[in-house]
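The values are calculated or read from the model by the stated rules, or taken from the named source; none is laboratory data. Just so it is clear, the model here is predicted, and its values are computed rather than measured. Note that each Cβ is placed from the backbone with ideal geometry, even for glycine, and that neighbours are counted across all protein chains shown. We work out accessible area using only protein heavy atoms, side chains counted, and drop any ligands, DNA or RNA first. Shrake-Rupley method; radii C 1.70, N 1.55, O 1.52, S 1.80 Å.
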Amino acid sequence: MAALVAAILAQASDRTPWLAAIFATRFAKPGAVIAGTAIALTIINTLGAIGGALLGPHMPPDARTLLLAMALILAGGSALFPIKPPDRLAGWRIGAFATSLFGIAILAFGDRTQFITAALAARSPAPALAAVGATLGALVVNVAAILAGEGARRKLPLAAIRIAIAILFLITGAMLALSALRLI
């Protein structure tokens, strides 16, 4: 559940749904864009969970909590800044599915959702559930963006959304860090 909620929040203030909305508008094939996006997000979040699962057993519990705190604080800090428009990949002529699959995978590799997924997987006795939760959470936001299209995305109060999510991540991360350091 934590991965699901964290992914929804992280994706709502990220470039991935923006790119997915661009593809939906450009190709007018929402099914192919959703399928490519779903596979890309599954791969990316699975890689994050695998990284966390490999790292977690070598860390003491407080270090795992600090890793999650750091992931949330960095996600919150990055959400404070306006996001740059993603490359529209207009030169890619490989179709809706392949463009969505590779474009979203490249953009999402190493992003805050993947880092949070890794940190949650490191803390979990079932790291695969972190990948499942993060993928489902990311898909909620991305599928909504795909179905709405790029025009609807522009009407959203993105600055307010980013700032609210940043504050939430920063506060949660700070509380976790203070808890791991036994200061609260």
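The table that follows gives values for the structure above.
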| quantity | calculated |
| --- | --- |
| Residue (of V5, T172, A79) at the positive-pole extreme of the chain, dipole from beta-carbon charges | A79 |
| Helix-only [θ]222 nm of the chain, DSSP H runs n ≥ 4, -39500 (n - 2.57) each, per residue, nearest 500 | -26500 deg cm²/dmol |
| Accessible surface of D62 - all protein chains present, 1.4 Å probe, nearest 10 Å² | 60 Å² |
| Heavy-atom accessible area per residue - the chain, 1.4 Å, Å² | 48 Å² |
| FRET efficiency for L147 and A90, using Cβ-Cβ distance with R0 set to 35 Å, rounded to 0.05 | 0.95 |
| Theoretical FRET efficiency, 1/(1+(r/R0)^6), r = Cβ-Cβ of I167 and A63, R0 35 Å, to 0.05 | 0.85 |
| Distance (nanometres) between label positions extended 7 Å along Cα→Cβ at A98 and L74 | 3.3 nm |
| Ellipsoid semi-axes in whole angstrom, largest first, where each is sqrt(5λ) of the Cα gyration tensor of the chain | 30, 18, 11 |
| Formal net charge of residues neighbouring A119 (Cβ-Cβ distance under 12 Å; K, R +1; D, E -1) | +3 |
| Of all accessible heavy-atom area on segment 41-184, the percent that carbon and sulfur account for (1.4 Å) | 75 percent |
